[in-house]
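One structure is given below, encoded as structure tokens.
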Number of protein chains: 2
Amino acid sequence: MVNYQPAALDRTFAALADPTRRALLARLDEEPGASVSELARPFPVSLPAIMKHLDVLSDAGLIVRTKTGRTVSCRLNPAPMEQAMNWLAHYERYWTEQLDRLAAFLEQDQWPAPPASSSSASSRPRRKKSTKRGPSRSR
Amino acid sequence: MVNYQPAALDRTFAALADPTRRALLARLDEEPGASVSELARPFPVSLPAIMKHLDVLSDAGLIVRTKTGRTVSCRLNPAPMEQAMNWLAHYERYWTEQLDRLAAFLEQDQWPAPPASSSSASSRPRRKKSTKRGPSRSR
């Protein structure tokens, strides 16, 4: 069973489960070190609401806040995202294998050749790519 | 700003934010098509609690349940995980760049050469790897 610091993963995934919080991370990606008020500006929610979202991101370790005088600036901390991605990567073979099978299907004839006298060629799937066989094959 | 079907991502990340649900996915990875009662067996929680977790996973599209007679079997559906991973992959450069910088540091001298008369060589970091420069350089 996969096990990557369960409580940390809980906090990371929970923090990422909100579109405003994901948008805040995206803004910090574009504007590293943005202040809390700069971050809050484009969002149609109150500053206290943004502060709460930043608390959740900070508790999950996804951002680091630094106070300079009266200004609090934020920067992204990617380490928890890397752990989340490592957890998901365990399942990556599902979609890469699906892609591999699709690629194999497109690359070579995966279907048994029909009997020479067959007249049911219409039931065979359309081929995306021509093979090296000559035009004389019975399709 | 990154945008991958926000509501679907909300559900995926929220579903993954619980260790029991992640463990259920891990079990379905090991035992595809396991029945609900088989899935519930190793967990120290009630069957109704497991059913609720399975509801959350199903609502997020992470599992598919099939009823055959009185048995409900589950299988993993990886598509939402792939979307979550694609979202996280946007930030992947943060940790790959960190690794690249570390590799570059270990591969080559990142430090300015000291004045020829310097006697403070002891404060410089140990070098992991020798360079191609000859032994005559002033270190």
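A single entry from B:73, B:35 fulfils the requirement of being over 29 Å from residue A:76 (Cα atoms), touching a Lys or Arg at 6+ places or on another chain (Cβ under 9 Å), of a type in the set (Ser, Thr, Tyr) and surrounded by 14 or more Cβ atoms within 10 Å (Cβ to Cβ): B:73. In this structure, residue B:72 does not satisfy being touching a Cys at 6+ places or on another chain (Cβ under 8 Å) and more than 22 Å from residue A:10 (Cβ to Cβ).
Among the residues of this structure, residue B:14 does not count as one that is more than 12 Å from every other protein chain (Cβ to nearest Cβ) and of a type in the set (Gly, Ala, Ser).
Please determine, by comparing only the residues of region A:76-97 that are open to solvent by less than 60 Å² (accessible area, probe 1.4 Å) and not in a helix (DSSP H, G or I), which one is farthest from residue A:54 (Cα to Cα). Restricting to residues being open to solvent by less than 60 Å² (accessible area, probe 1.4 Å) and not in a helix (DSSP H, G or I), the top hit is A:91.
What residue, of B:15, B:23, B:103, B:113, is at pLDDT below 95 and either open to solvent by less than 20 Å² (accessible area, probe 1.4 Å) or part of a loop (DSSP other than H, G, I, E, B) (or both)?
Among B:15, B:23, B:103, B:113, only B:113 is at pLDDT below 95 and either open to solvent by less than 20 Å² (accessible area, probe 1.4 Å) or part of a loop (DSSP other than H, G, I, E, B) (or both).
As for region A:77-88, it holds no residue that is touching a Lys or Arg at 6+ places or on another chain (Cβ under 9 Å) and either polar (S, T, N, Q) or more than 13 Å from chain B (Cβ to nearest Cβ) (or both). Would you mind finding the one in A:101, A:11, A:65 that is of a type in the set (Lys, Arg), within 30 Å of residue B:30 (Cα to Cα) and touching a helix residue (DSSP H, G or I) at 6+ places or on another chain (Cβ under 9 Å)? Being of a type in the set (Lys, Arg), within 30 Å of residue B:30 (Cα to Cα) and touching a helix residue (DSSP H, G or I) at 6+ places or on another chain (Cβ under 9 Å) holds for just one of A:101, A:11, A:65, which is A:11. The requirement of being touching a Gly at 6+ places or on another chain (Cβ under 8 Å) and at pLDDT 80 or above is fulfilled nowhere in region A:52-65; no residue meets it.
The values are calculated or read from the model by the stated rules, or taken from the named source; none is laboratory data. These numbers come from a predicted model, not from an experiment. A quick note on method: Cβ atoms are made from the backbone with ideal geometry, for glycine too, and the neighbour counts reach across all protein chains shown. For the accessible areas, the whole protein counts, side chains as well, though only heavy atoms, and no ligand, DNA or RNA atoms are used. Shrake-Rupley method; radii C 1.70, N 1.55, O 1.52, S 1.80 Å.
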